[in-house]
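None of the figures in this text is laboratory data; all of them are computed from the coordinates on show. These figures come from a predicted structure and were not determined experimentally. Backbone-built Cβ (ideal geometry, glycine too); neighbour counts: all protein chains shown.
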Amino acid sequence: MVPRLPVCWVIGAICFVGTFPQAEADRVVDDADFVNLFINKMSAIVSQDNLSGSSDAHHGCPEGFRFPSAEGAIRSSKLDIYELCLPAVVLVGRIYQCGECSKWHHGGFAGGWIASPEGHIVTNEHVVEKKSGEHLGIMTSEGNVYPVKAQCFSDKISDIAVLKIDPAGERLPFLRLAENVKPGEDISVLSHPGGRLWYISQGIVSRFSRGGEEGQPVWMNVTADYAVGSSGCPVLDDSGAVVGMVSRTSTIYTGPAEDKCGSCSSSKRSPQMVVKECVPLSALKRLE
Ligand SMILES: [Zn+2]
């Protein structure tokens, strides 16, 4: 005989099913939606500023920039590094008008990270070079867009720039600097490779190296993947502290070196490995 479920048990089961929280949906990042949101919100801000005549009313950084105390900064563990650090990793972009249509266009995207609750954004110097007519802004992973109000620091050699936005009294989630980092240590890069927004990759610190010529900065090599668009994004340790910042890549080829190659066909040179070169913690610590 098949045992019958008591009625109260069945009702209980229905209630349970009805109220049980659904398995957390995948966090889907819709790249095109984010790009459109950025263009729409930034163009509305720029048009509003033009109307009110405050377009160039830059709020300066009279006191420059120093990393604030780490109190209140995001602290993570390897398991939740993405969810916890996501709110402090931003998109840095620009909009412009082409002069041939009435639309606003975006002029490319890179990354950055929030370094103070008052809205200091650290990114690469090469990210913030802008042409006249362009308007620079940042967007958070929640879709909040802020125009850049001022540039507080900029250094071409170390490829560091610090921007200021106005969070209108809100205290923003921010990342802190790590104490130190060594080759072999686990790291994560949370960045936007090729417009794939908020993409995490992991690896280790490979080594610290210096460019060939005198006066060249030290770079931190990492094995975590990133690509064009990742510039300015943080390299994080397992506690969510910043140990470096994405800057550039260097591809290793087989075949004759480029300077000895002369007119030889480029097909004789094939790529073997892409070395990732990041701004090291020591360069960021000069702003401490
Ligand atoms: Zn146009």
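Each Cα pair under 8 Å and six or more residues apart adds its separation to the average, and for the range 186-287 the resulting relative contact order is 26 percent. For the range 70-216, relative contact order (Cα pairs under 8 Å, six or more residues apart, normalised by length) works out to 23 percent. Close amide H partners of L177, meaning residues 5 or more places away or on another chain with modelled amide H under 5 Å apart, are V242. Legend: ranking of residues S141, S154 from fewest to most surrounding C-beta atoms inside 10 Å; resulting order S154, S141. Ordered by the count of other Cβ atoms within 10 Å of each Cβ, fewest first, F208, F109 give F208, F109. Here the residues C85, C101, C152, ranked from fewest to most Cβ neighbours within 10 Å of their Cβ, fall in the order C101, C152, C85.
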